[in-house]
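Only one structure is covered here, and it is reproduced in the block below.
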Amino acid sequence: MKVSGFTIVRNAIKYDYPIVESIRSVLPFCDEVVVAVGNSDDGTRELVASIDQDRIRILDTVWDESIREGGRILAIETNKALDAVSRDADWAFYIQADEVVHEAFADQIRGGMERWKDDPVVEGLLFNYLHFWGSYDWVGNSRKWYRREVRIIRPNHGISSYKDAQGFRKNEQKIKVKPLDAWLYHYGWVKPPSAQQAKQQEFHKFWHNEEWLHENISREVNFDYTTINALSRFTGHHPEVIQNRIAKLNWEFKPQAGVRPLSFRHQFLDRIETLTGWRIGEFKNYKLISD
């Protein structure tokens, strides 16, 4: 079985992306990892090149900053990386620059790829998600967070990154997937407040025009982490590859001081989900294949 990893990144140092940890977390599963490194001004390319010279292939790209439609530039860049994976790969393992695979789920991930490698009906494999907020001790648990997404797909089968690169489609149709009993850890909302604010000011440019940015994005130096509701304390163990980053955390986050309450509607819908496991109105970028 041959597996190619792929990802995109730009200015990872400036915006404090855990790209090193992300790539290292998928390397044990991959024969190669294609990294589309966008035009950066902070040494990101050199950082990526230092991770593993034997298995990482860097694809140098230039982001078209004139594209400001729904984050579409992220899918365009992701497809550049996907198109560059080896033609004989059985699976392509996608990882975003703020996601990390936990080694505890290695057997489940490898087992799934092996089990469905020769089943052409299965076009992708689905992960569960934990979304961390403010620090490594808290996770979001309201409806605003997506619960699952596809991160392993069949390359060279007409599948491509969709919209803002959260998921994948094939000829604009949802792909057929099997779920893995495995979790991805999303750390995109765990950064020093200054880096988080800088990221917000920069990345909303790929969704909105200057007028919207001026009206909706704060010009404060530090991001306000109290603009959230429904957090729960994380009591598990983080992936080994991110332990050094966690040890360097140098800001304090106290959600009790400012977490905003849920609306009555969200409380009602969350209650139904807690009782039944059914998330009413949940958007799914895929079609689950029943056993």
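The values are calculated or read from the model by the stated rules, or taken from the named source; none is laboratory data. No experiment lies behind these values; they were computed from the predicted model shown. All Cβ positions, even for glycine, are placed from backbone atoms using ideal geometry, and neighbour counts span all protein chains on display.
Filtering segment 37-46 for residues that are acidic (Asp, Glu) and closer than 23 Å to Glu123 by Cβ leaves an empty set. Per the listing Ala84, Ala49, the residue uniquely under 20 Å from Phe168 (Cα atoms) and modelled with pLDDT of 95 or more is Ala84.
The residue that is farthest from Leu82 (Cα to Cα), among those in segment 21-47 that are of a type in the set (A, V, I, L, M, F, W, C), in a helix (DSSP H, G or I) and free of Cβ contacts under 8 Å to residues at least 40 places away in the same chain, is Leu47. Would you mind stating whether His186 is touching a residue at least 24 places away in the same chain (Cβ under 8 Å), closer than 20 Å to Leu74 by Cβ and not polar (S, T, N, Q)? Yes, satisfied. Scoring Asn229 on the criteria (1) polar (S, T, N, Q); (2) in contact with a strand residue (DSSP E or B) (Cβ under 9 Å, 6 or more places away or on another chain); (3) modelled with pLDDT of 75 or more leaves a single failure, condition (3). For Trp145, the conditions (1) surrounded by fewer than 16 Cβ atoms within 10 Å (Cβ to Cβ); (2) out of contact with any His (no Cβ under 9 Å at 6 or more places or on another chain); (3) not small (Gly, Ala, Ser) all hold with the exception of (2). Listed by position, the strands (runs of 3 or more DSSP E) enclosed by segment 120-190 that each have at least 1 residues that are touching a Pro at 6+ places or on another chain (Cβ under 9 Å) are 124-133, 138-140, 148-153, 173-189. Being under 19 Å from Lys178 (Cβ atoms) and over 16 Å from the mean Cα position of the chain (by Cα) is the filter here, so list the residues in segment 76-102 that pass it. Of everything in segment 76-102, those that are under 19 Å from Lys178 (Cβ atoms) and over 16 Å from the mean Cα position of the chain (by Cα) turn out to be Ala89, Asp90, Trp91.
Scanning segment 75-91 for residues that are of a type in the set (D, E, K, R) and in a loop (DSSP other than H, G, I, E, B), which turns out farthest from Tyr162 (Cα to Cα)? Break it down into steps so the answer makes sense when it comes.
First, pick out the residues of segment 75-91 that are of a type in the set (D, E, K, R): 77, 80, 83, 87-88, 90.
If we keep only those that are in a loop (DSSP other than H, G, I, E, B) as well, we get 87-88, 90.
Values: Arg87: 21, Asp88: 23, Asp90: 21 Å.
This residue is Asp88.
I'd like the residue in segment 180-194 that is surrounded by fewer than 16 Cβ atoms within 10 Å (Cβ to Cβ) and out of contact with any helix residue (DSSP H, G or I) (no Cβ under 7 Å at 6 or more places or on another chain) and, out of all such residues, is nearest to Ile242 (Cα to Cα). Step through it out loud before you land on a result.
Let us first name the residues in segment 180-194 that are surrounded by fewer than 16 Cβ atoms within 10 Å (Cβ to Cβ), namely 181, 192, 194.
In the following step, the residues that additionally are out of contact with any helix residue (DSSP H, G or I) (no Cβ under 7 Å at 6 or more places or on another chain) were identified as 192, 194.
On the way: Pro192: 15, Ser194: 20 Å.
So the residue we want is Pro192.
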